[in-house]
Amino acid sequence: MKRESYPFGMVLVALFTLVLLGVGCQQPAAAAPEKPPAAKVSKSKIAKIVFIGKQDACDCTRKRVDDAYAELQSALASHKDITVERIRVDTDSAQVEPYRKLRAIMVLPAIYLLDKSGKLVEMLQGEVKSEQVKKVLG
């Protein structure tokens, strides 16, 4: 008799667990914590771009920096009002340091997109494509 009730009890426990899981998953969306609204970047939000490359770079880094700069120029074709400052991590270290403090450089090139007050809006690094820049520009 005891052996027959054990499987029946396990089935009841399993069904009870499934019911609880089903009820728990049907919570209203309002119960979830709200995320802050994503910041939208308008055309006028970006006022300055700082492009950080390297003067004495290996071939692969040189190609990545040159390609990213060409992509940046392509993306800026319709944004003549945005100034671009180009500096180099190995020769302009004093100029690079304030930007490193904003956000660390993981791979070159590093492209800092700043608003009118000089606050960082976005940073792009590495193999940057014009579509990425256009997305930030709005």
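See the values below:
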| item | result |
| --- | --- |
| Check on LEU108, surrounded by 14 or more Cβ atoms within 10 Å (Cβ to Cβ) and within 11 Å of ILE49 (Cα to Cα) | no |
| Scan of region 59-87 for residues that are basic (Lys, Arg) and either closer than 15 Å to LEU124 by Cβ or surrounded by 14 or more Cβ atoms within 10 Å (Cβ to Cβ) (or both), ordered by number | ARG62, ARG64, ARG86 |
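Rule-based calculations on the coordinates, nothing more; no lab input. Remember, predicted model here, so these are calculated numbers, not experimental data. Using ideal geometry, Cβ is built from the backbone for each residue, glycine included, and neighbour counts are taken over all protein chains shown.
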